[in-house]
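So the structure is just underneath, and the comments pick up after that.
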Amino acid sequence: AQSVTQLGSHVSVSEGALVLLRCNYSSSVPPYLFWYVQYPNQGLQLLLKYTSAATLVKGINGFEAEFKKSETSFHLTKPSAHMSDAAEYFCAVSLNAGGTSYGKLTFGQGTILTVHP
Amino acid sequence: DSGVTQTPKHLITATGQRVTLRCSPRSGDLSVYWYQQSLDQGLQFLIQYYNGEERAKGNILERFSAQQFPDLHSELNLSSLELGDSALYFCASSASPGLGLETQYFGPGTRLLVL
């Protein structure tokens, strides 16, 4: 079975500061990893995903994440926060086709990002 | 706009009642997924359909059922509702049957409140 742990349910940064949202996963087979963002009263939008090609993945809105197998981590970063980045962020894992979970996404508990002016 | 539509946006009902949530996937997508988002359980996968057939099942209660119709829209039926069923229900769609790496596109959700 797979699981995801997001360290820190709330992260607060100043506008222009580095954003770092932490995600650790557990999976018995090589995983696929995703970061989704949820703005208030909206659905989830994909930021980026790791599908075993490059370990450093670039996504939309200046976000990127690095897959580190030895640390079982997939932390999300952005060099300079913008007010519009304020939202809830979810890390998720799915198994490759060799597993039995097909496209099921297992989500972390989410991290609310607050950006101060 | 993800291209996934869900109706209704909000639903208020009483305990013991039955409701139906509807989802239309993006044009061309054959897979539909249902997720439940609640404060205590977070985001949980309920069930997946691909081209009309059940593909994968998650933590879906026996009181809940779903189906996908020939036009590919899907419905999630919730019966004998309890207070704890109050949550945001998301539908997502993808083009493939669920290989793990495909992007799932999420709808705006249906907010269910059981009183």
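None of the figures in this text is laboratory data; all of them are computed from the coordinates on show. These numbers were taken from a predicted model, which means no experiment stands behind them. Note that each Cβ is placed from the backbone with ideal geometry, even for glycine, and that neighbours are counted across all protein chains shown.
With respect to the cross-link table entries A:LYS68/B:LYS57; B:LYS9/B:LYS57; A:LYS58/B:LYS9, which display a Cα-Cα separation exceeding 28 Å?
The pairs that break the limit, which is 28 Å between Cα atoms, are A:LYS68/B:LYS57; A:LYS58/B:LYS9.
Can you pull the mean other chain C-beta count within 10 Å for peptide A:35-43?
4
Within a 10 angstrom radius of each residue's Cβ in A:46-53, how many Cβ atoms of other chains show up on average? Whole number is fine.
Per residue, the average neighbour count from other chains is 2.
From the square roots a ≥ b ≥ c of the eigenvalues of the alpha-carbon gyration tensor of the stretch A:5-45, which class results: rounded (a/c under 1.5), prolate (a/b over b/c), or oblate?
Note, shape of the stretch A:5-45 comes out oblate.
May I ask for the distance between the Cα centers of the stretch B:1-43 and the stretch B:64-99, given as a whole number of Å?
6
Which trypsin sites (Lys or Arg not before Pro) from the stretch B:51-94 combine a DSSP loop assignment with at most 13 other Cβ atoms within 10 Å?
Sites meeting the loop and neighbour criteria: B:ARG63.
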